Amino acid sequence: MIEQLERAHYREALLRDDPRYSDPKRLFRYSYKVFSQDDEDGAIAEIFRRIGAERRRFIEIGVGDGLECNTLNLLLQGWSGHWIDTDKKGFARIRVRFGMFLGITLGSHLHFVNAENIDKFLAPLCPGGELDLLSIDIDGNDYWVWNAITSIQPRVVVIEYNASWHPPLSITIEYNQDFKWDETNYFGASLSALTELGAKKGYNLVGCCFSGSNAYFVRRDLCGSHFAEPFTAENHYEPPRYWIIGPAGHRPGFGPVTVFPASSAKSK
């Protein structure tokens, strides 16, 4: 309880005293946790309050047992969609806990995704390619999986980034279709790498969660003047505050990586 109060006090003080967080176009003051890992539930709600939701449909890749994910709060608000994960024990719990939704507003898929199979797998789940929210948190090939997706055009993408790799470092783990996270800080991609990938796919970075775990991207044609500019990693980066959501961060780790040239292109 004391640790929880200390974390809450730290966050409140930072939001109160740091001018960076006073901009109403930033998402922090609207963020809160219901079932998400950190404050993603509130940020996602605020994003859709600003840009609207077309079909109230989602796909989330990496949900565990469903109790701590980015779309359960939406499901309970009448949204529908699909959960994808490889955790057999987690899916057994999903069948028990969320049986009232399965086959009605929720599809569950025990499937190991990689760059080779993801696009073909998603296409029949989203006929026509129209989707409001895509969430990707697979602790590894997140960059490569998003890069491979062409069959759907979500309005919003929430994707995990590796906050250990600060901007302007544009880097991702080297692609390995069988990658499995070893619980170190060797995973995923830097925020700069994802921001550059998003720009190529037509998305702007509009914020990150407070713990430095997930980044929010909105399709460029929907952004208007709704979000804090510039849409750069330097502007929206949040450092790794994993202690906000748990007792410790990741222990150090390293392996093969792909480093991208620094981008000189200005955000649109």
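The values are calculated or read from the model by the stated rules, or taken from the named source; none is laboratory data. Fair warning: this is a prediction, and the values are worked out from it, not measured in the lab. Glycine also receives a Cβ, built like all others from the backbone with ideal geometry; neighbour counts cover every protein chain displayed. When the accessible area is computed, the model is the full protein with side chains, heavy atoms only, and any ligands, DNA or RNA have been set aside. Shrake-Rupley method; radii C 1.70, N 1.55, O 1.52, S 1.80 Å.
Measure up LYS25/LYS88; LYS25/LYS89; LYS180/LYS200 against 32 Å on the Cα-Cα distance and list the ones that go over.
Correct reply: LYS25/LYS88; LYS25/LYS89.
List the GluC sites (Glu not before Pro) in region 2-60 that DSSP assigns to loop (not H, G, I, E or B) and whose Cβ has at most 15 other Cβ atoms within 10 Å. Which are they?
Passing both the DSSP loop test and the Cβ count: GLU54.
Counting only heavy atoms of protein chains, what accessible area per residue, in Å², does the chain have with a probe of 1.4 Å?
Here the per-residue accessible area is 46 Å².
Test of understanding: extend the Cα→C-beta vector of THR150 to 7 Å, then name every residue of region 105-127 with backbone N under 17 Å from that spot.
Answer for this model: 114-124.
Between GLU116 and ASP17, 0.36 nm times their residue separation minus their Cα-Cα distance comes to what?
Full-extension gain reported as 31.0 nm.
At most 15 other Cβ atoms within 10 Å and a DSSP loop assignment: could you name the chymotrypsin sites (Phe, Trp or Tyr not before Pro) in region 1-59 that fit?
Passing both the DSSP loop test and the Cβ count: TYR32.
For region 56-124, which trypsin sites (Lys or Arg not before Pro) are both in a DSSP coil and crowded by at most 16 other Cβ atoms within 10 Å?
Passing both the DSSP loop test and the Cβ count: ARG56.
Can you pull the percent of region 75-154's accessible area that's carbon plus sulfur, 1.4 Å probe, other chains left in place?
The nonpolar share, carbon plus sulfur, comes to 55 percent.
Can you give the charge dipole size of the chain about its Cα centre, rounded to the nearest 20 debye, using +1 on the beta carbon of Lys and Arg and -1 on the beta carbon of Asp and Glu?
Computed charge dipole of the chain: roughly 660 debye.
Evaluate the Debye formula for region 96-183 with equal point scatterers sitting on the alpha carbons, no solvent, and hand back log10 of I(q)/I(0) at q = 0.17, 0.24 Å⁻¹, in q order, two decimals.
-0.85, -1.33
Remind me, relative contact order of the chain in percent, using alpha carbon pairs under 8 angstrom and six or more residues apart?
Once divided by the residue count of the chain, the mean separation gives 16 percent.
Give the aspartates and glutamates whose C-alpha is closer than 14 Å to that of LYS33, dropping any in the same chain fewer than 8 places away, or say none.
ASP41, GLU46, GLU68
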